[in-house]
Amino acid sequence: MFASGNGSNFEALAAAAATGSLGGSLEVVLCDQPGAGVLARAARLGIESLTPPTGRFRSKLEDESPWLAALRERRIDVVVLAGFMRRLHATLLTPFAGRMVNIHPSLLPAFPGLDAIGQAYRHGVRVTGCTVHLVEDAIDAGPIVAQAAVAVHEHDTLESLTARVHEAEHALFAPALRRYLTEPWHIDGRRLVFGAGEGLVLPEPEAAHG
Ligand code: GAR
């Protein structure tokens, strides 16, 4: 898992993994922010965490190769982005094409990017929500695995709406990942269609870890 912040989604997934309802195990957290809440959560839950070098930039990793190396050393099959606030590039995206999943706090394609809940609130939408999707080389884009809607109430503040969107994320993420990891699916255009297909395809061990 890659994370930058508080780690509440990490914790929801760790809880699902502990009960066997994630469809896989959660092996390691790679974090770009020393001091982030997610690191304390990982320590408390006994899950390995690392803070590989990030380099000079704020919105991307200057060199993705130490991050890739950490994944390969641990034979990681799927990367989950849970509040990871940097854009990724080919070094990580190419080897993990189809094997990287993100959660975003809006009903994509509405409100991609930073402060999605605030964007939706200020726009005045009556319904927002959250999206789990495969990662492509574009911000908060890629085939959608699952979405959940959250109604915006008349008297909502940004804080009350934020709390409900986060609750919806925590409820959506683990079942969405379980489905993606364990059920058949295929890509049709830009749709991820469940019910038929190979589902998650892992590369040959040499290619994945060589
Ligand atoms: C979550 O709301 C997640 O959807 C969002 O960051 C938050 C992380 O919270 N991600 C993005 O906005 C990505 N574009 P958490 O650290 O408590 O899981």
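Rule-based calculations on the coordinates, nothing more; no lab input. Everything numeric in this text was worked out from a predicted model, so none of it was measured. Cβ coordinates were reconstructed from backbone atoms using ideal geometry, including for glycine residues, and neighbour counts include every protein chain displayed.
Miscellaneous remarks
- Over the chain, the Kirkwood radius and the radius of gyration, each from Cα atoms, give a ratio Rg/Rh of 0.95.
- The chain: most fluctuating residue of L114, L26, L93 per GNM, C-alpha cutoff 10 Å: L114
- Sorted fewest first by neighbouring Cβ atoms within 10 angstrom, E64, E159 come out as E159, E64.
- With both labels modelled 7 Å from their Cα along Cα-to-Cβ, the T94 to A171 distance reads 4.2 nm.
- Sequence-distant residues sharing a close amide H with S49 (under 5 Å, placed H): V29
- 5 angstrom amide H check on F2, placed H, neighbours 5+ away: L30, V80, L81, A82
- All C-alpha pair distances within the stretch 152-198, sorted into 5 Å bins from zero, spread as 5, 18, 16, 14, 13, 11, 11, 8, 3, 0 percent across the bins.
- Using the Cβ-Cβ distance between D115 and R190 with R0 = 25 Å, the FRET efficiency computed as 1/(1 + (r/R0)^6) comes to roughly 0.50.
- Across the stretch 58-166, Cα-Cα pairs more than 20 Å apart make up 44 percent of the total.
- J(HN,Hα) series, the stretch 58-69, from Karplus relation 6.51 cos²θ - 1.76 cosθ + 1.60, nearest Hz, glycine and proline x: 9, 9, 8, 8, 5, 9, 7, 5, x, 5, 5, 4
- About its Cα centre, the dipole of the chain is roughly 200 debye, where the only charges are +1 on Lys and Arg Cβ and -1 on Asp and Glu Cβ.
- Each of the peptides 73-84, 7-18 was scored by the mean count of other Cβ atoms within 10 Å over its residues; in descending order, highest first, they stand as 7-18, 73-84.
- CD proxy at 222 nm, helix term only [per DSSP H run n ≥ 4: -39500 (n - 2.57); per residue of the chain; nearest 500]: -10000 deg cm²/dmol
- Rg over Rh, two decimals, the stretch 1-119 (C-alpha only, Kirkwood Rh): 0.94
- Neighbours of A3, meaning other residues whose beta-carbon lies under 14 angstrom from its beta-carbon, give a summed charge of -3 when Lys and Arg score +1 and Asp and Glu score -1.
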